Amino acid sequence: MSTTVRTPAAGRRLREPDLDAWIRSGAWRDLPESNAPALPALATEILELAADPDVSQVKVANAVSKDPVLATRILGLANSAASAAAVTITSINEAILRLGTRIVCNVALADRMAGGFQDQRIYGPFGQTLRDHSIGTAYVAYLVADTAGLPSDEAFLCGLMHDIGKLYVLKLVHDVGLPSPTGKPSASTLRLVTDTHAEVGGFLIQKWGLPESLQDPVVWHHEPWRATREPRATAVTYAANRLAHRYGFGVPRDEEYDPLADHEMQELGLDESAVAELDARAPGLYEVARRGLR
Ligand SMILES: [Fe+2]
Ligand SMILES: [Fe+2]
């Protein structure tokens with residue numbers, strides 16, 4: 001049975017069952033462009049640099065230097081990566097030489113995404129937990145891709161963006177729904193977010209003009225077997241998300257999940273020793289990243 005609920009006029013709000021039906025129907029696609037969340041400042045520029053295989057050090061340095069807080073974080077990271085060296089790194093150019101343009105772009109992007117979407121009225125506690133989950137999944141995706149012999153920088157980006165649709169679903173609930181009487185998202189809202197975020201994420205990737213190669217990994221990260229254009233990157237994103245749940249990165253720890261019994265993991269060549277190595281490396285990497293980024 002399908003219910004047709006029309007998009008309400010500006011300022012009008014929908015009750016929960018109607019809101020649910022309206023979001024599930026995809027009618028929100030008709031809203032003005034300005035309603036969708038915007039990419040955080042500097043993120044677009046850094047994304048373009050990250051997508052350019054021949055990006056110059058000067059361009060990355062110029063972009064990162066636009067935000068002194070970001071520049072300071074990159075310097076801190078470069079110095080901790082170079083702690084064995086006697087010389088302290090004091091310029092962004094030296095930091096890029098030490099870490100490489102790709103890693104600097106990835107860290108800068110994770111920092112931008114983590115800093116955006118913190119509006120408590122719209123996202124509530126989700127802003128924080130989603131930030132942690134996305135950064136954790138990005139680092140796991142990087143490690144999984146590396147283990148599977150696939151491009152790890154692209155995997156990082158897929159992991160970072162995989163649940164981005166959750167933010168827009170929460171914004172739609174905030175903008176178009178009646179406020180929850182308890183002030184917290186209802187069980188029905190949580191179900192709605194779970195059921196619709198992957199498709200909504202695909203919409204945002206397109207709206208933000210992000211690389212087409214992100215579509216499959218974002219839209220099918222819970223059903224990787226449905227990906228047609230980027231099956232490997234989608235499998236990596238799926239695996240990273242499952243493992244991020246296993247480790248409890250920004251979400252309750254999933255004790256039930258057994259990666260060794262998962263066909264998708266086997267397809268990626270993640271055997272017992274590969275999973276043991278991921279189990280050993282991922283939590284430490286996540287803690288460092290979480291503490292370092294806002
Ligand atoms: Fe998801
Ligand atoms: Fe996720």
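The values are calculated or read from the model by the stated rules, or taken from the named source; none is laboratory data. Predicted model only: the values in this text are computed from it and were never measured. Glycine gets a Cβ as well: all are built from the backbone with ideal geometry, and neighbour counts include every protein chain shown. Areas reflect the complete protein model, heavy atoms only, side chains present, ligands, DNA and RNA absent. Shrake-Rupley method; radii C 1.70, N 1.55, O 1.52, S 1.80 Å.
General observations
- Contact order normalised by residue count of the chain, Cα under 8 Å, 6+ apart, percent: 19 percent
- Reported to the nearest whole Å, the Cα centre-to-centre distance from the range 163-179 to the range 18-94 is 23.
- Legend: calculated FRET efficiency, Leu31 to Asp146, from the Cβ-Cβ distance at R0 = 30 Å, rounded to 0.05, equals 0.15.
- Alpha-carbon centroid distance for the pair the range 120-142 / the range 204-271, whole angstrom: 16 Å
- On the range 39-116, 58 percent of the accessible area sits on carbon and sulfur atoms, based on a 1.4 Å probe.
- Backbone amide hydrogens, once placed in the peptide plane, bring Gly177 within less than 5 Å of Leu14, excluding anything fewer than 5 places away on its chain.
- Point-to-point label distance, Arg12-Gln206, nm (Cα→Cβ direction, 7 Å offset): 2.6 nm
- Across the alpha-carbon set of the chain, the Rg to Rh ratio works out to 0.98, Rh being the Kirkwood radius.
- D by Stokes-Einstein for the range 27-137, Kirkwood Rh over Cα pairs, 25 °C, 0.890 mPa s: 159 µm²/s.
- Among the trypsin sites (Lys or Arg not before Pro) in the range 6-66, those located in a DSSP loop and surrounded by at most 15 other Cβ atoms within 10 Å of their own Cβ are Arg6, Arg12, Arg13, Arg15, Lys66.
- FRET efficiency, Gln128 to Ser180 (Cβ-Cβ, R0 25 Å, nearest 0.05): 0.85
- Our estimate of slack between Thr194 and Arg24, defined as 0.36 nm per intervening residue step minus the Cα-Cα distance, is 60.1 nm.
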